[in-house]
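Just below is one structure, and these are the notes that go with it.
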Amino acid sequence: MKIICIGRNYAEHIKELSNERPKDPVIFIKPDSAVLPKEQDFFIPNFSNDIHYEVEVLIKIRKVGKHIDPKFAHKYYDEIGLGIDFTARDLQAQLKEKGLPWEKAKGFDGAAVIGKWVSKSKFKDVNNLNFKLTKNLEVVQNGNTAQMLWGIDEIIAYVSQFFMLKKGDIIFTGTPSGVGKVSPNDYLSGSLEGEEMFTVKIK
Ligand code: ZN
């Protein structure tokens, strides 16, 4: 199983980090060891003083495919989820400055929170899903999949030109604005269309 993440997919988030708007989707990969085991707390790693939450809508790939046409992309996933792309922002800034890959800042142990999965048939339109993240019961991120620069089908089509998609692969579709730091004892909760999808305690 691999985890493919899309960076800079929401205009307001690009602005808050003073990044350039990309011509093509920005892609990076997290190893399967990055998945935070269910019900486990997130421990802030000792190599960072600035771990950020990024809440993101997730897609679970249901069958193998490559060079997928956007008009058939919907056949490659049945389930939608919500998760967190934990990012060591200080480390990422150093790597970005030197033009180096982001993996250490994005792919460390526990950096991928994957909540529960919901059948996409439950939703009228996957391109109009509201989701949010609360930190200590206060809303910190609020997004809608309609705000994505590249929608789900376009992401699947684009990614599959480079990486063969396999059953069980997970795509993180990018974060809206409002990213911020976590501290010990913080309590995060993510919801999709009003339904709680995950909770995480920070240690
Ligand atoms: Zn992200």
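Each value in this text was obtained by applying a stated rule to the coordinates, not by laboratory testing. Just so you know, these numbers come straight off a predicted model, no measurement behind them. Backbone-built Cβ (ideal geometry, glycine too); neighbour counts: all protein chains shown.
Structure notes:
- Of note, THR145 satisfies the criterion of being surrounded by 15 or more Cβ atoms within 10 Å (Cβ to Cβ), farther than 22 Å from LYS181 by Cα, among the polar types (S, T, N, Q) and out of contact with any Asp or Glu (no Cβ under 6 Å at 6 or more places or on another chain).
- Any hit, segment 39-57, residues being surrounded by 14 or more Cβ atoms within 10 Å (Cβ to Cβ) and under 15 Å from VAL159 (Cβ atoms): yes
- Criterion (buried (at least 21 other Cβ atoms within 10 Å of the Cβ) and assigned to a loop (DSSP other than H, G, I, E, B)) met by exactly one of PHE131, PHE108: PHE108
- Scanning segment 60-73 for residues that are surrounded by 14 or more Cβ atoms within 10 Å (Cβ to Cβ) and not β-branched (Val, Ile, Thr) turns up LYS60, ARG62, GLY65, PRO70, ALA73.
- At least 3 residues being more than 16 Å from the chain's Cα centre (by Cα) and among the small types (Gly, Ala, Ser) is the threshold, and among the strands (runs of 3 or more DSSP E) wholly inside segment 139-203 not one reaches it.
- Number of the condition not met by LYS96 [criteria: (1) assigned to a strand (DSSP E or B); (2) touching a Phe, Trp or Tyr at 6+ places or on another chain (Cβ under 8 Å); (3) of a type in the set (D, E, K, R)]: (1)
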